[in-house]
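The values are calculated or read from the model by the stated rules, or taken from the named source; none is laboratory data. Since the structure is predicted, the reported quantities are computational estimates derived from the model, not experimental observations. Glycine gets a Cβ as well: all are built from the backbone with ideal geometry, and neighbour counts include every protein chain shown. Just so you know, the surface numbers come from the protein's heavy atoms only, side chains and all, with ligands and any DNA or RNA stripped out. Shrake-Rupley method; radii C 1.70, N 1.55, O 1.52, S 1.80 Å.
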Amino acid sequence: EVWPLVEGGKGVSATNHASSGAWAAAGGIGTVSAVNADYYDDNGELVPQIYHGRTREERHHELVRYGILGGTAQVKRAHDIAGGKGAININVLWEMGGAQAVLEGVLENCKGLIAGVTCGAGMPYKLAEIAARHNVNYLPIISSARAFRALWKRSYSKVPELMAAVVYEDPWLAGGHNGLSNAEDPRSPEDPYPRVKALRETMRAEGVSEDTAIVMAGGGWFLREWENWIDNPELGKIMFQFGTRPLLTQESPIPQDWKDMLRTVE
């Protein structure tokens, strides 16, 4: 069992083994960013990722190799820090260079260490089949019930048993790749409750198991602000993802200047 609290995976090296391992050690789900992740030599020193290829194709292969080495290193270090507690997920961006190859490589190298794969930044139709090949859970990131329905119809309905949760990344509250459609106004934020309620209604209409949680991602700071979401039959099982707040922790690997700025920015 884990706490229904998830660390948001943040881009290039903003979440690594230190933050993710600590989050899991506390009983939650830590999320290692497998996007251009850092790796280390035999002495534990950071290896600079320098590209030597002369062509675009050669450099792409180098990027994939670096990505697999880095993701593998971060997961294994996070797992050691967690000490068997909580769970470790990895986060990938479907639109990043070599996403599928990097994901497959990290999963192959980290058998038994990764609980699930969170994936957004695009429409990752192949996520379910990759998860099935490696027998891990998958957690698609979507920003509307409509986006989920498209993914479910085309792909995820074929591997429903491994879809552990659906991450609702709020287009206005989340700090990451916000999935605004042309039907939504970036200057007119909508209350997330009706949107998540609509997502659950869509999931129920499609026959998705009630055991499949919805992760509210974006705007999570204090749980007391979300009390009406917890044990609410309209929403079903709910988890909460924290993206910005963990950046301020001692375990966060970002520079102190960045942490100081986050405390004062408006």
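The strands (runs of 3 or more DSSP E) located wholly in the range 122-231 include none with 3 or more residues which are out of contact with any strand residue (DSSP E or B) (no Cβ under 7 Å at 6 or more places or on another chain), small (Gly, Ala, Ser) and free of Cβ contacts under 8 Å to residues at least 40 places away in the same chain.
Of all the residues in the range 73-117, those that are of a type outside the set (A, V, I, L, M, F, W, C), within 16 Å of the chain's Cα centre (by Cα) and within 12 Å of Asn36 (Cα to Cα) number 2. Among the residues of the range 151-163, is any open to solvent by 10 Å² or more (accessible area, probe 1.4 Å), in contact with an Asp or Glu (Cβ under 6 Å, 6 or more places away or on another chain) and at positive phi? For the range 151-163, residues open to solvent by 10 Å² or more (accessible area, probe 1.4 Å), in contact with an Asp or Glu (Cβ under 6 Å, 6 or more places away or on another chain) and at positive phi: absent.
Residues checked against (1) farther than 25 Å from Gly116 by Cβ; (2) at pLDDT 95 or above:
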| position | (1), (2) |
| --- | --- |
| Pro186 | yes, no |
| Lys197 | no, yes |
| Met203 | no, yes |
| Ile214 | no, yes |
| Arg224 | yes, no |
| Phe242 | no, no |
| Ile254 | no, no |
| Trp258 | yes, no |
| Arg263 | yes, no |
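Considering the range 185-205, the residues that are touching an Asp or Glu at 6+ places or on another chain (Cβ under 9 Å) and open to solvent by 70 Å² or more (accessible area, probe 1.4 Å) include one that is nearest to Tyr156 (Cα to Cα), namely Arg204.
State all residues of the range 10-39 that are of a type in the set (Phe, Trp, Tyr) and touching a helix residue (DSSP H, G or I) at 6+ places or on another chain (Cβ under 6 Å); if no residue qualifies, say none.
Here is the first cut: in the range 10-39, the residues of a type in the set (Phe, Trp, Tyr) are 23, 39.
If the condition is that a residue be of a type in the set (Phe, Trp, Tyr) and touching a helix residue (DSSP H, G or I) at 6+ places or on another chain (Cβ under 6 Å), then Tyr39 is the only one that fits.
Selection of first residues in the range 1-19 that are at positive phi and of second residues that are surrounded by fewer than 22 Cβ atoms within 10 Å (Cβ to Cβ) and outside any helix (DSSP H, G or I), restricted to Cβ pairs under 6 Å at least 6 apart or on distinct chains, gives the following pairs, ordered by first then second residue: Ser13/Asp38. Here His60 meets the list (1) modelled with pLDDT of 90 or more; (2) part of a strand (DSSP E or B) almost entirely, failing just condition (2).
Of all residues in the range 1-47, which are among the β-branched types (Val, Ile, Thr) and at pLDDT below 90?
Step one: list which residues in the range 1-47 are among the β-branched types (Val, Ile, Thr), which gives 2, 6, 12, 15, 29, 31-32, 35, 47.
Hits for the range 1-47 are Val12, Thr15, Val35, Val47.
The residue that is least open to solvent (accessible area, probe 1.4 Å), counting only those in the range 232-266 that are free of Cβ contacts under 8 Å to residues at least 24 places away in the same chain and in contact with a Leu (Cβ under 9 Å, 6 or more places away or on another chain), is Lys259. Could you grab me the full set of residues in the range 85-112 that are in contact with a helix residue (DSSP H, G or I) (Cβ under 8 Å, 6 or more places away or on another chain), assigned to a helix (DSSP H, G or I) and either small (Gly, Ala, Ser) or buried (at least 24 other Cβ atoms within 10 Å of the Cβ) (or both)? Ala101, Val102, Leu103, Gly105, Val106, Leu107, listed by residue number.
Across the range 206-231, the number of residues qualifying as on the phi > 0 side of the Ramachandran plot and open to solvent by less than 80 Å² (accessible area, probe 1.4 Å) comes to 3. Among the residues that make up the range 11-25, is at least one of them assigned to a loop (DSSP other than H, G, I, E, B) and open to solvent by 40 Å² or more (accessible area, probe 1.4 Å)? There is at least one residue in the range 11-25 that is assigned to a loop (DSSP other than H, G, I, E, B) and open to solvent by 40 Å² or more (accessible area, probe 1.4 Å).
Annotation note: of Ala82, Ala115, the sole residue that is touching a strand residue (DSSP E or B) at 6+ places or on another chain (Cβ under 9 Å), more than 18 Å from Gly11 (Cα to Cα) and either β-branched (Val, Ile, Thr) or surrounded by fewer than 21 Cβ atoms within 10 Å (Cβ to Cβ) (or both) is Ala115. I need a count of the residues in the range 85-95 that are touching a Leu at 6+ places or on another chain (Cβ under 9 Å) and either over 14 Å from Gly9 (Cα atoms) or β-branched (Val, Ile, Thr) (or both). Of the residues in the range 85-95, 3 are touching a Leu at 6+ places or on another chain (Cβ under 9 Å) and either over 14 Å from Gly9 (Cα atoms) or β-branched (Val, Ile, Thr) (or both).
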